[in-house]
Every structure is written in structure tokens, then in C-alpha cells.
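> Here's a structure for you.
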Amino acid sequence: MLPLVKNRILVSACLLGQPVRYDGKAKTLLHPLLQQWQEEGRLVVVCPELAGGMPVPRPPAEIGARQDGKDVLLGEARVTDTSGADITDEFIAGARVALSVAQAQGCRFALLMEGSPSCGSQLIYDGSFSGQKHAGAGVTAALLRQNGIQVFSQDTIEDLRAALQQAS
């Protein structure tokens, strides 16, 4: 039986080198804290988009009209891909799976990929597919926060370290 690990962290699979992004690539985060947490058994890996049933590769997707994940969860915004397909249901399903996994594994924290329409925690693309970002969170990040899980990105990993120290 595995020992109980306190303060588990839900982490985007792409940050750990898994080629699950829309373009079939990873966004591997080489950081000593991530390696330490992996060695400590703190990490719980998930890709919400794969969990929602999307393939790899897949067309890029964005939340429309400069809205964000909270708006999607309220039914006030949609997620579409570059072909115009509405993939909102897949994003919501993936977010729900990520939340379920986080809760089942006792994750109070998440380290997610910034910019993603699922995982972005501070900035996401604006829905114009022009490369422009705006302040907002992706669908999974928004759902996790609504359920009391603190969300961080690769850009705020030091803030996650501080939060873990406070929680210990």
C-alpha cells in the first residue's frame, strides 16, 4: 500500500512531457520543483482535453468572444476549433473528469498549462484565432477553482511552492 501523500498536485500531462497537446506535442516543464514533487509522489497527471474525448492531434480551440471558462460553465460561451466545430461539451466533460480525479486523489492544488482553453489560469486566447490573449481562465481551471482547488501555471510555480509550504 502506498503511503498517504499530503498536498497532492493535479498537473497537466503536457507539462510532464506527454505529447497530448492539440499539435501532438508536449510543453515539458523542466523545473527542479516539478521533479521533486514527482519524486515525492505528489503529482496526479491529467489531460482534460483527452479526458473529454478529443484526439491527438486536433485543431486548435479557443473560447469565443473574449470570454472564459466561467462563461462556458454558465452556458454563456462556447469553445470552437479552427474548423468552426463546437467542442464545448468535450471541454466541459474533460473539466469534470479532471475535477473528479483531483477530488478522488485529494488534490488541493493544480499546476496547469497557461494559455490553454482548458488549463489556462491567468491568460487564454481571445477566440479570434489571431494569437491574441486576454485575462481569463480555461474551463478546467475555472471548474477546479469553483471547487476550492488552487490553480497555478508553469509561470507561477514558485507561488505554488509557497502555497504548499503554507499548507504543510
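The values are calculated or read from the model by the stated rules, or taken from the named source; none is laboratory data. Computed from a predicted structure; not experimentally measured. Glycine also receives a Cβ, built like all others from the backbone with ideal geometry; neighbour counts cover every protein chain displayed. Surface accessibility is based on the protein's heavy atoms, side chains included, excluding ligands, DNA and RNA. Shrake-Rupley method; radii C 1.70, N 1.55, O 1.52, S 1.80 Å.
> Assess whether residue 89 counts as being modelled with pLDDT of 95 or more, of a type outside the set (Gly, Ala, Ser) and more than 16 Å from residue 47 (Cα to Cα).
Values: modelled with pLDDT of 95 or more: yes; of a type outside the set (Gly, Ala, Ser): yes; more than 16 Å from residue 47 (Cα to Cα): no.
When the stated conditions are applied, residue 89 does not pass them.
> What are the residue pairs meeting all of these: first residue in the range 131-154, first residue at positive phi, second residue among the polar types (S, T, N, Q) and surrounded by fewer than 24 Cβ atoms within 10 Å (Cβ to Cβ), Cβ atoms under 9 Å, and 6 or more apart or on different chains?
Here the result reads 136/67; 136/122, each pair linking the range 131-154 to a residue that is among the polar types (S, T, N, Q) and surrounded by fewer than 24 Cβ atoms within 10 Å (Cβ to Cβ).
> For residue 127, only one of the following conditions fails: (1) on the phi < 0 side of the Ramachandran plot; (2) open to solvent by 20 Å² or more (accessible area, probe 1.4 Å); (3) not β-branched (Val, Ile, Thr). What is its number?
Answer for residue 127: the failing condition is (1).
> Let me ask something additional. Of all residues being open to solvent by 40 Å² or more (accessible area, probe 1.4 Å) and of a type outside the set (A, V, I, L, M) in the range 60-79, which is modelled with the lowest pLDDT? Just the residue, please.
Filtering the range 60-79 for residues open to solvent by 40 Å² or more (accessible area, probe 1.4 Å) gives 60, 65-67, 70, 73-76, 78.
Now narrow it down to the ones that are of a type outside the set (A, V, I, L, M): 60, 66-67, 70, 75-76, 78.
On the way: 60: 98, 66: 95, 67: 98, 70: 98, 75: 98, 76: 98, 78: 98.
My answer is 66.
> Is the range 134-143 home to any residue that is surrounded by fewer than 19 Cβ atoms within 10 Å (Cβ to Cβ), of a type in the set (Gly, Ala, Ser) and touching a Phe, Trp or Tyr at 6+ places or on another chain (Cβ under 9 Å)?
So far as the range 134-143 goes, no, none of its residues is surrounded by fewer than 19 Cβ atoms within 10 Å (Cβ to Cβ), of a type in the set (Gly, Ala, Ser) and touching a Phe, Trp or Tyr at 6+ places or on another chain (Cβ under 9 Å).
> In addition: Working only within the range 40-59, note down all residues that are open to solvent by 50 Å² or more (accessible area, probe 1.4 Å) and over 18 Å from residue 108 (Cα atoms).
Start the filter on the range 40-59 by keeping residues that are open to solvent by 50 Å² or more (accessible area, probe 1.4 Å), which leaves 40, 45, 50, 53, 55-57, 59.
If the condition is that a residue be open to solvent by 50 Å² or more (accessible area, probe 1.4 Å) and over 18 Å from residue 108 (Cα atoms), then 50, 53, 55, 56, 57, 59 are the ones that fit.
> Since residue 20 meets every condition but one in (1) open to solvent by 40 Å² or more (accessible area, probe 1.4 Å); (2) within 17 Å of the chain's Cα centre (by Cα); (3) without any contact (Cβ under 8 Å) to a residue 60 or more places away in the chain, which condition does it not meet?
(1)
> Take residue 65 and tell me if it is over 22 Å from residue 11 (Cα atoms) and either touching a Ser or Thr at 6+ places or on another chain (Cβ under 7 Å) or among the hydrophobic types (A, V, I, L, M, F, W, C) (or both). Steps first, answer last, please.
On the way: over 22 Å from residue 11 (Cα atoms): yes; either touching a Ser or Thr at 6+ places or on another chain (Cβ under 7 Å) or among the hydrophobic types (A, V, I, L, M, F, W, C) (or both): yes.
Taking the combined requirement at face value, the residue satisfies it.
Conditions (1) of a type in the set (Gly, Ala, Ser); (2) in contact with a Phe, Trp or Tyr (Cβ under 8 Å, 6 or more places away or on another chain), marked per residue:
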{"residue": "82", "(1), (2)": "no, yes"}
{"residue": "88", "(1), (2)": "no, no"}
{"residue": "96", "(1), (2)": "no, no"}
{"residue": "105", "(1), (2)": "no, no"}
{"residue": "118", "(1), (2)": "yes, yes"}
{"residue": "130", "(1), (2)": "yes, no"}
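> Same structure, new question: Between residues in the range 37-50 that are assigned to a strand (DSSP E or B) and residues that are of a type in the set (S, T, N, Q) and open to solvent by less than 30 Å² (accessible area, probe 1.4 Å), which pairs lie under 9 Å by C-beta distance while being six or more apart or on different chains?
45/12; 46/12; 46/140
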